[in-house]
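Notes for the one structure printed next.
The values are calculated or read from the model by the stated rules, or taken from the named source; none is laboratory data. Keep in mind that what you see is a predicted model, and the values were worked out from it rather than measured. As a convention, Cβ positions derive from the backbone with ideal geometry for all residues, glycine included, and neighbour counts pool all protein chains shown.
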Amino acid sequence: MNRAAVAERLRLSGHAITITGNLAARVGAIGALSAASLLVARTGGAAAVGTLALLRVLPWFTGLLLSCGLYGAAPYFLSGPGRTEPRYRATLPAMAVTAGVVGAALWMVAAPFFGPRFLPELSRPLLLAAGISVFTQALETTAKTCSQGFDDLAGSNRIIVLEELLFVPIYGIGVAAGASAYLAMIVALPLGDVLCGGSGWIRLWRRGYFRGAGRPSARLARDIAGYGTRAELNSVTLLLNGRLDFIIVTYLVGPAALGIYAVASRTAELLRLPSLAINYVLYPAYARLGRKAAVVQARAAIRRTWWVPAALAVPVAVAAPVILPLLYGHAFRAAVVPTWILLAGLAGGSVYGVLSAFLSGIGRPGLTSIAQASGLVVTVTLDLTLIPHLGITGAAIASAFSYLTTAGVLAACFRMTQAGPGARHERNRNAEDGPAPSAGPSASATPIPPTTARLTTEAAPP
């Protein structure tokens with residue numbers, strides 16, 4: 001075996017270790033989220049589970065829209081071509097604070113209009129108080145993505161676990177103290193964000209993230225927003241593909257049905273864990289590599305991981321009829337068939353993880369957005385057609401076809417990026433789909449976190 005082959009094997013082994021670590025964090029987060037859903041189901045019923053699902057999604061989604069794609073852009077600018085410009089490290093959290101403050105204010109203004117329809121179980125004061133989560137989730141999520149881009153995957157993994165885990169004891173203490181399920185929920189969500197996000201920012205500070213970062217820059221914020229808007233389209237369509245059916249189910253058949261469907265969705269989404277971990281680790285790695293080497297690694301990753309979600313689907317499908325009613329109660333037996341349908345749609349998830357990481361890493365997030373938009377069209381069309389007749393089973397069918405459509409379009413986009421001259425794509429990647437990174441100091445002027453040298457060596461092309 002020649003030296004290039006040995007280096008490639010070592011590089012893939014290093015990625016496998018970091019992917020395994022992120023996967024373990026996601027398994028822990030799913031366990032915490034399941035415990036939270038179980039606790040809320042036992043203390044507040046199916047309607048409370050549905051309310052919790054929306055309170056996790058809507059504030060985060062508000063912050064995402066107002067931050068101009070900050071969450072998806074942060075890893076690219078901290079690990080890709082812009083990593084030598086230190087002011088990006090000050091500009092990213094400043095954008096998060098701005099988006100969080102504006103988003104919380106807009107939530108309080110708009111809540112009286114959308115609250116009675118989508119969150120009918122919440123009183124007016126609780127509905128308004130829920131807007132605090134827009135601010136706290138913006139800071140927490142930015143800490144997570146900055147850790148990802150700053151080569152601190154261990155710190156990012158810790159946030160992934162804690163952002164779900166901390167809700168459980170805080171909510172439990174509130175209910176035990178006599179608070180209603182909804183009051184305990186409104187308190188636990190932002191308080192957990194503060195504890196989790198605060199620990200993440202402290203860790204980044206200790207690792208030198210803010211050393212020499214300077215002041216936030218409006219010019220760099222425009223660069224981030226330029227790339228982030230493209231990445232935001234991907235995030236928005238991904239969220240809508242995964243959670244628009246929550247809103248449609250609530251509107252058409254009510255929050256109790258949503259509570260059952262949310263359990264089915266979260267159970268089936270166990271299959272998404274490998275895909276999410278693969279994407280999370282490979283995105284910044286591909287950004288460091290450049291297009292030519294990233295193509296080689298993406299092909300190798302697909303060959304090694306395509307079978308993983310399909311293999312996981314079998315035990316999950318077998319266990320669902322026993323575990324779901326046992327844990328959540330007899331009413332949740334209705335979640336079994338939707339779980340099976342969603343498992344079928346998610347069986348090709350690892351391909352999505354690799355290809356979306358590749359396209360974002362080479363500065364082409366717009367292509368991932370096109371794939372997600374294709375799936376979204378399928379989601380909306382089939383949801384509106386099937387849910388009135390089949391209820392949550394129709395929602396599951398719509399989501400399954402949406403997942404398969406997205407994976408197929410991503411594969412076509414991946415082939416398209418290889419059809420033209422590679423050198424031209426590499427030279428023009430920032431002009432086409434990402435901003436041209438601002439000129440900054442030399443790499444030696446940027447604080448290097450302790451693990452950067454090792455990961456940069458692993459990512460070097462053979």
Some residue of the range 109-124 being in contact (Cβ under 8 Å) with a residue 40 or more places away in the chain, of a type in the set (Val, Ile, Thr) and surrounded by fewer than 24 Cβ atoms within 10 Å (Cβ to Cβ): no
Which listed residue, of 99, 110, 73, is over 22 Å from the mean Cα position of the chain (by Cα) and not aromatic (Phe, Trp, Tyr): 110
The lone exception for residue 363 - which of (1) assigned to a helix (DSSP H, G or I); (2) touching a helix residue (DSSP H, G or I) at 6+ places or on another chain (Cβ under 8 Å); (3) not basic (Lys, Arg) it fails: (1)
Lone qualifier among 365, 388, 338, 325 - being at pLDDT 90 or above and either more than 16 Å from residue 262 (Cα to Cα) or among the small types (Gly, Ala, Ser) (or both): 388
Residue within the range 54-61 that is among the basic types (Lys, Arg), closer than 21 Å to residue 143 by Cβ, under 19 Å from the mean Cα position of the chain (by Cα) and surrounded by 20 or more Cβ atoms within 10 Å (Cβ to Cβ) present: yes
Contacts under 6 angstrom Cβ, first residue in the range 19-44 being over 13 Å from residue 263 (Cβ atoms), partner of a type in the set (Asp, Glu) and surrounded by 16 or more Cβ atoms within 10 Å (Cβ to Cβ), 6 or more apart: 29/164; 32/164
Candidates 227, 261, filtered to the one that is buried (at least 19 other Cβ atoms within 10 Å of the Cβ), at pLDDT 90 or above and over 21 Å from residue 160 (Cβ atoms): 261
Residue that is farthest from residue 41 (Cα to Cα) [pool: residues in the range 161-198 that are of a type in the set (Val, Ile, Thr) and surrounded by fewer than 24 Cβ atoms within 10 Å (Cβ to Cβ)]: 194
Subset of the range 367-390 (residues that are over 30 Å from residue 230 (Cβ atoms) and either acidic (Asp, Glu) or surrounded by fewer than 19 Cβ atoms within 10 Å (Cβ to Cβ) (or both)): 385, 386, 388, 389, 390
Any chance residue 401 is at pLDDT 90 or above, closer than 27 Å to residue 84 by Cβ and under 21 Å from the mean Cα position of the chain (by Cα): no
Number of positions in the range 211-238 that are out of contact with any helix residue (DSSP H, G or I) (no Cβ under 6 Å at 6 or more places or on another chain) and within 30 Å of residue 49 (Cα to Cα): 2
Residues being surrounded by 23 or more Cβ atoms within 10 Å (Cβ to Cβ) and either among the basic types (Lys, Arg) or farther than 24 Å from residue 71 by Cα (or both) - total across the range 231-254: 2
Among residues of the range 282-325, those that are of a type in the set (D, E, K, R) and surrounded by fewer than 16 Cβ atoms within 10 Å (Cβ to Cβ), counted: 4
Subset tally (residues that are hydroxyl-bearing (Ser, Thr, Tyr) and under 23 Å from residue 246 (Cα atoms)) for the range 320-371: 5
Scan of the range 80-108 for residues that are surrounded by fewer than 23 Cβ atoms within 10 Å (Cβ to Cβ), under 30 Å from residue 286 (Cα atoms) and free of Cβ contacts under 8 Å to residues at least 40 places away in the same chain, ordered by number: 98
Residue match in the range 177-185 (condition: modelled with pLDDT of 95 or more, in contact with a Leu (Cβ under 8 Å, 6 or more places away or on another chain), part of a helix (DSSP H, G or I) and aliphatic (A, V, I, L, M)): yes
